[in-house]
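The values are calculated or read from the model by the stated rules, or taken from the named source; none is laboratory data. What you are looking at is a predicted structure, and each value in this text was computed from that prediction instead of being measured. Heads up, the Cβs are rebuilt from the backbone with ideal geometry, glycines too, and the neighbour counts pull from every protein chain shown. Note: accessible area is taken over every heavy atom of the protein model, side chains too, but ligands, DNA and RNA are not part of it. Shrake-Rupley method; radii C 1.70, N 1.55, O 1.52, S 1.80 Å.
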Amino acid sequence: MKALTDTLIGRVDAFLKESFSAEQRDGRDEAEIAICEAIEVIIRRRRNQRLVFSRLPSDIIHCVFSLALDLDRIHEPDLPLDVLDDHRKQLFRMRCVSVAWNEFLVSGSRYWPAVNLRTPPDILKTNLRRAAEAPLCIYSTNPKERRRETIPDPLDELVLLPFMGQVRTIRSNNEEFPPLWKGLLQCAMPVLETLDLTEHSSWDTMSSEPPAEWLSGTLPMIRNITARGWQPQSNAAWLGSLESLVFSRPTSADMNMLRILSQCSSLFSLRIEADGSGWHEEEPTDSFPNIVLPNLRKLELEFDVLQDIHHLVRRLDIPHSTQRSLEIMFAPQSEEDVEDLAHFIFPEGTVSKSPTNPLLQIHNLSRRPLRVTYTAGARSITFPVPDRAEEWDLLENIIIVLQNRLNNPPFTAELDSPTDIQANTLRRLGNLNIQRIRAKCLEGHFDNFLAAIGSRHETLPSGTVGDGHNWPFESLRELTIERTDFPLSQIIRLVGIRRGHLRTTSKEWLKRITLIDCDLRGMYLRRAILQLDNIGVTLVAEGCRDPEPDQK
């Protein structure tokens, strides 16, 4: 059934795009366009007379159209606004297919629940009339073009007021907050489930009143709130009914936020993005109770201020099974900060059973400063690598503390498009229990990557353990390299330079090397596989290309 549905949707989208794209008319003269339009009219009339569509049961048509228009997703709180806006455009394209399609869509109230407030007033009234008694999703988005679209007139509030009783979803990210919002939010909204107001700049331009004061005191069905730059009132009766709550930037963690969360006992999902701190006005005392969220399944925190972790995270009482992630903008500066991070991921202390293969991701430099993410099961923490060399020990200390909570299981290190900075960061972790290393796109930095593992010289590379008994990454057993152009001889050397050390100490090291989509140089893959097999290492290649004869 799903395959049939995907095929139907794909064919409908392709047909609409091909038939009604304005680009196909570029470069044609007016006479040719007139001929095409005349033929189009004739084809439509003949097709409408013979089309199977007219004989299909209406429930089947509703099913197909609902899938094509994503009607089931319109009221989803996490549906991106641009996808929601595309619904209106897809609806228009489908109306253009034929007279029969247009009449069917116009007559069905289920196809008109999404109401864009930037729609011209006359069309807005028509759409509301077509929606009849269907649950409404009122939204406003930033126009993608530089030109400004129609901004609703305050008088349109009178048009919308009679329909507020059937509004299930309100969402807006527009830069210019429409004046009519204030009047609408003060209306009784008995079926409102989702309120998503995420643009901060416009609140202050029209009124100094906090948006929370505009909300109706009775929102019996409210379940999802997204707020940027404002917070609900901590005594709102409907806080206990919320299932999803998002505080989005710009906002500050403060006592009011703690009081709000104390009332949200039914939350399934909580996300906080705080770029400031309000603790200077009031800090929680020891008598402030823990915030108990017994139903929480997902927790996402992004903090710019380490103090937020101490004051907020330490007071969260959530199930051990909760999926949780924490991202901080500044590296911890003290042992107390590190313990706060460890408490967030493992509040139960040392766990008896470790998650399978924790993962340490060293991110690329698409975002600065350089970040690393430690993930164990459904829990993760992202933090920046210290800039100063004298603070690099903090990176290793954080990983050690986190690993100790799990009884130090073997884990994987992963690098994507690394530069020398990421390679140096990896070098700092040579003493840890890393069993697997996975690296992608090492062009121009392959030598430094191997040097970080300890392969360039017979003696130990600088910056690694040098007591004569331990080499860096002694726990390493698997190495995976993806989408990289390099000589295979370097892989042979990677293993070979340790042979004497391994024989002397009776230790084991790398057992498996996997190459994926790599361009190989220097020797044929078959020869490298045999050489590595003779020293106990399995080489596996997937989608790799042997060197050309002139490269040998």
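Summary table below
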item: Qualifying residue in segment 219-234 (condition: in contact with a His (Cβ under 7 Å, 6 or more places away or on another chain), of a type in the set (D, E, K, R) and either in a strand (DSSP E or B) or at pLDDT 80 or above (or both)); result: yes
item: Selected residue (criterion: nearest to Gly278 (Cα to Cα)) from residues of segment 218-237 that are open to solvent by less than 60 Å² (accessible area, probe 1.4 Å) and out of contact with any strand residue (DSSP E or B) (no Cβ under 9 Å at 6 or more places or on another chain); result: Ser234
item: Residue satisfying condition, being part of a loop (DSSP other than H, G, I, E, B) and touching a Ser or Thr at 6+ places or on another chain (Cβ under 9 Å), within set Pro294, Pro284, Pro319; result: Pro294
item: Selection count, segment 93-117, where residues are part of a loop (DSSP other than H, G, I, E, B) and either in contact with an Asp or Glu (Cβ under 7 Å, 6 or more places away or on another chain) or open to solvent by 50 Å² or more (accessible area, probe 1.4 Å) (or both); result: 1
item: Qualifying residue in segment 298-313 (condition: within 14 Å of Ile272 (Cβ to Cβ) and touching a His at 6+ places or on another chain (Cβ under 8 Å)); result: yes
item: Of all residues making up segment 300-338, the number that are in contact with a strand residue (DSSP E or B) (Cβ under 9 Å, 6 or more places away or on another chain), at pLDDT below 80 and open to solvent by 60 Å² or more (accessible area, probe 1.4 Å); result: 2
item: Failed item in (1) within 22 Å of Trp230 (Cβ to Cβ); (2) hydroxyl-bearing (Ser, Thr, Tyr); (3) in contact (Cβ under 8 Å) with a residue 40 or more places away in the chain, with Thr322 passing the rest; result: (1)
item: Glu213, sole failed condition from (1) open to solvent by 60 Å² or more (accessible area, probe 1.4 Å); (2) modelled with pLDDT of 85 or more; result: (2)
